[in-house]
Amino acid sequence: MDEDKFALVEKILKDLDNVMSKNAELCAFDIVPVECNFQNKSPVLHLENCLGLESWCVKHVYMYCYSELMDKYFTKPKRKIAKPSSMNSERLSRLLNVTILINPDITSLWNKRREMVMKSLLEKSRELQFTKLVLSRKPKCNDAFGYRRWIIEAILKDDAVQSNYIENIINDDLQICEIASDKSPNNYHSWNHRMWILKTLKNIRKQFDLNFIHIKEYGFSERWSSKHVSDFSCFHYRQFCIQNIFTIKDDSWRSFENTVDVNLRKTFIGVLAKNFSNDVMGQPSEEKLLTYSDDNIINLILGYSAKNCNCPQNNTHEFRKLVILFHELVLNNELLRFYKFHETLWYHRRFIVHEVIAIIYDHFDLIRQNGALVKNVCRKCNREEVRQKQVKIVRYDSNRIYSSLLFNVLLTHEKKFVEERRSDSDNYADRHEKYLKFVEGLNTMM
């Protein structure tokens, strides 16, 4: 009886291997629920570019392959193990394929594949295809994402690889991440892999237009986060994209503005005009503010920069950061009004407010450390002063921050929004107010 069972398992292994070796376009694998083999045919299912295995045989196939792998190819006390070689590579590869497809959360099996790749017993391109199959069934498999990163790093080290091939790999990975994130909510593994891809591209920037990629990913993250308002992993990636947009060059800024559906400058100025204090006379109207240059608006809302530094002050770059963040703040307002009581949206709002306050502090050459504001020292111009202990700011420095128009606009806007959401019985509004008071240190102003 056992011999018949083993013969059946070997037939299944052979059928799976034939499908995987003949079809290089396989894109999905899954286990199909079937209680028993009524029709007396192979449980290996192959339709178009999809591979399946009937569930009634999974236990027998897995235990057979796993037992042979552990007995022959993994270290055991007082027993010789068979190392991967050209003599046994086909058999080992067949066992690993089936075992990992059924249960991909065994790191030792992935390490054995790494060993085979380093000995040129497995092709890197085929391994990328294999990890795609694994992730189609287990989209949260961190070992598969880690192995994929290892393979890509090995490919990038090869100087003979053509740029078109690398571009295809990058596009394929972005698509895999999107599918994995769609299949499994809060999939930090897929979003972190997507972040790793963009960070890796910085090392090969000669072949890719990073500004174009950052703009494209910013638009993608906005569309995705608007449809998945409870998935903080995508908002974490959204924050990463915002930081990348801060770094785009001047010649790409116009392209970025064209990809956004709204007028960023007009949105920012609209928020400023609506939240100007009524106590201050002579504030310019929204129409007049639209005629101001970037420098004039920064000088109006922040005033004189107190940096004791030879580095040039880039008001345009500062203005663009604020434009992006206030656009994000307005989007967050709309999402919180439409999707009520979503904690993720409030956490994302904390990031926005924190970034705006950080820009204000940086403008006045200050930085928050251990809950206290201290003078910041430019590491480029004042290298000797970096070693000195940073002193706390005096009251004059803090008064300039708290009296700046931008700080008061932000504070007024947050107060109004907290009251609006509180009136709608949103308990997270109280938590946001406490965050502003006790984390951002605005308890004396709220």
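What the table below lists for this structure:
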item: In nm, spacing of pseudo-spin labels at Leu47 and Arg91 (7 Å Cα→C-beta vector); result: 3.6 nm
item: Cross-link pairs beyond the 19 Å C-alpha cut-off, checked among Lys249/Lys321; Lys199/Lys321; Lys11/Lys83; result: Lys199/Lys321; Lys11/Lys83
item: Rounded FRET efficiency, nearest 0.05, which uses the C-beta distance separating Asn427 from Lys157 and R0 of 41 Å; result: 0.20
item: Lysine pairs within the range 119-193, Cα separation less than 14 Å, 8 or more sequence positions apart or different chains; result: 6
item: Listed residue (Leu442, His348, Ile176) projecting farthest to the positive dipole end of the chain, Cβ model; result: Leu442
item: Per-residue SASA entry for Trp150, accessible area with 1.4 Å probe, Å² rounded to 10; result: 70 Å²
item: Which label in [x] 55, 25, 21; [y] 57, 26, 24; [z] 39, 27, 19 gives the computed semi-axes √(5λ) of the Cα gyration tensor in Å; result: [x]
item: Tyr402/Asn186 FRET efficiency (R0 60 Å; Cβ-Cβ; nearest 0.05); result: 0.95
item: Of Asn88, Asn142, Asn315, the one that fluctuates the most in a GNM where the chain has Cα springs shorter than 10 Å; result: Asn88
item: FRET efficiency estimate (nearest 0.05) - Cβ-Cβ, Lys59 to Arg223, R0 56 angstrom; result: 0.85
item: Residue with peak Gaussian network fluctuation, the chain [Cα springs, cutoff 10 Å], from Thr412, Thr267, Thr291; result: Thr291
item: Separation in nanometres of the label points that stand 7 Å from Cα toward Cβ, at His317 and Met118; result: 4.2 nm
item: Tilt relative to the chain, helix 210-227 - C-alpha long axis, 0 to 90 degrees, to 10; result: 90 degrees
item: Projected label distance in nm at Lys415 and Glu178, using a 7 Å step from Cα toward the beta-carbon; result: 4.5 nm
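The values are calculated or read from the model by the stated rules, or taken from the named source; none is laboratory data. For clarity, every value in this text was computed on a predicted model and none was experimentally measured. Neighbour counts run over all protein chains shown; Cβ positions are idealised from the backbone, glycine included. For the accessible areas, the whole protein counts, side chains as well, though only heavy atoms, and no ligand, DNA or RNA atoms are used. Shrake-Rupley method; radii C 1.70, N 1.55, O 1.52, S 1.80 Å.
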